[in-house]
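The next block holds one structure in the form of structure tokens; read it before the comments.
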Amino acid sequence: MFTNKTVLDRRLPCVHRYLSLPIPDNTTQCMYVWIDGTGEHVRAKTKTVDFIPKSPSELPIWNFDGSSTGQAEGSNSDVYLYPVALYRDPFRLGNNKLVLCETLQAQPQARRLMTLGPTDASRHTPCLGDHASSKREVLIKRKDVRWADPTSGIYLTLRACALHTNFRHTCKEVMDKAAEQHPWFGMEQEYTLLDSDQHPFGWPKNGFPGPQGPYYCGVGASKVYARDVVESHYRACLYAGVMIAGTNAEVMPSQWEFQVGPAEGIRMGDDLWMGRFLLHRVAEDFGINVSLDPKPIPGDWNGAGCHTNFSTLAMREKGGITHIEKAIEKLGSNHAHHIKMYDPNEGRDNSRRLTGRHETSSIHDFSAGVANRGASIRIPRQVAEEGYGYLEDRRPSSNCDPYRVTEAIVRTTCLD
């Protein structure tokens, strides 16, 4: 029988043969990664640069066809990729990099600021000047950048604003404003592994596995499926520099979770998005699909969330329970707004999950409790006993944008 596994068994040794070929010194493959128009999925493409980047500010600004990703019209399709975070590449290894990018919509205005001679022009790729000088000026509401066109030898000034799908931009502003409060996050990313037919991996093709119970943190071939994917993803995150904290099998079979954090400020969103990219990319090598749908299987099966643990410095210090309780009161007063921020469809996705059953609260009500996994906000028992620590917001869906979630929490609890 010819299966996906047969193809993979034949393909992977061939790929390894080519990936082990040496490349020229100071040549780096940089895979640019960005969030597409769905607000849930990532895209990626690779650029060769003739140096080894040490920070994202050294890398060229690039572009892509936004009309093919749901982010622009065909008549004005160029969307710019603005590097913001750099990670080691666990697939290509060596000095190669993964580059997390913001997406910017720009209207280039040609101005003959400098005309390059043929020799100078040939040294430039479409980028922000020279990588060594890193002449990028980042403004609060707009980014002004210089872009050298090697074909015309003309510098262009790009006045670019954040794309409508770019929620990192405002999240970074909020995190900077709250920096003195040192907001920490830990996010628990649940996901479901699917076979090529979009059926949960390992489930009977014409039926269902046994009822939930033995699968959570399970061990054994009858209780967990695709542990090799999970372990490979874990190691890829550690290699890349993602702050992965752990992983476990979840309540529904073929459902898993990985945790990222504790991370301060904007790094929470950056690392979770890169962790998601790595998950999809690793699963691709195994011929398995990843679903972040918050309720992938209807019926008596747990949904998938992205529980978000949060604290400020004041909460983590002695007597911090008072600050935790004040934060919970503010979160309750803004429940409807947070529900809109906690999935990419303003609560419509989460409404299938937050039913008051399967370890969730009702989407319509706000609640809080100690060690209560049926509440909107859980205060861990250890935190209640010690009088300081953190809170867990259990409302975000598995397909949430961590930038929107963390921004909403900090706005409500730290800035309002």
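The values are calculated or read from the model by the stated rules, or taken from the named source; none is laboratory data. Being a predicted model, the structure only gives us computed values, none of them experimental. Quick reminder, even Gly has a Cβ in these numbers, built from the backbone with ideal geometry, and neighbours come from all protein chains shown. Side chains included, ligands, DNA and RNA excluded: accessible areas come from the protein's heavy atoms. Shrake-Rupley method; radii C 1.70, N 1.55, O 1.52, S 1.80 Å.
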Matching residues, region 227-242, being buried (at least 20 other Cβ atoms within 10 Å of the Cβ) and in a loop (DSSP other than H, G, I, E, B): VAL242
Which of the strands (runs of 3 or more DSSP E) contained wholly in region 11-71 include at least 3 residues that are touching a residue at least 60 places away in the same chain (Cβ under 8 Å) and in contact with an Asp or Glu (Cβ under 9 Å, 6 or more places away or on another chain)? 28-35
Only one of VAL405, VAL370 is among the hydrophobic types (A, V, I, L, M, F, W, C) and more than 20 Å from LEU292 (Cα to Cα); which? VAL370
Members of region 6-39 that are open to solvent by less than 80 Å² (accessible area, probe 1.4 Å) and modelled with pLDDT under 90: THR6, VAL7, LEU8, LEU12, PRO13, CYS14, VAL15, SER20
Checking the structure you have, find out if any residue of region 390-409 is assigned to a loop (DSSP other than H, G, I, E, B), over 29 Å from HIS41 (Cα atoms) and modelled with pLDDT of 95 or more. yes
Number of the condition not met by GLN71 [criteria: (1) within 21 Å of the chain's Cα centre (by Cα); (2) at pLDDT 95 or above; (3) surrounded by 14 or more Cβ atoms within 10 Å (Cβ to Cβ); (4) not small (Gly, Ala, Ser)]: (2)
Within region 311-320, does at least one residue satisfy the condition of being under 23 Å from the mean Cα position of the chain (by Cα) and buried (at least 16 other Cβ atoms within 10 Å of the Cβ)? yes
Name every residue in region 199-220 that is open to solvent by 90 Å² or more (accessible area, probe 1.4 Å) and not charged (D, E, K, R), in order of residue number. ASN206, PHE208, PRO211, TYR216, VAL219
Here the qualifying pairs (Cβ atoms under 9 Å; residues six or more apart or on different chains; first in region 180-206 and free of Cβ contacts under 8 Å to residues at least 12 places away in the same chain; second outside any loop (DSSP other than H, G, I, E, B)) come out as GLU180/LEU313
Could you list, in sequence order, the residues of region 74-98 that are over 22 Å from the mean Cα position of the chain (by Cα), closer than 22 Å to GLY37 by Cα and small (Gly, Ala, Ser)? GLY74, SER75, SER77
Kindly list the number of the only condition in (1) within 20 Å of LEU193 (Cβ to Cβ); (2) in contact with an Asp or Glu (Cβ under 7 Å, 6 or more places away or on another chain); (3) open to solvent by less than 10 Å² (accessible area, probe 1.4 Å) that fails for ALA263. (1)
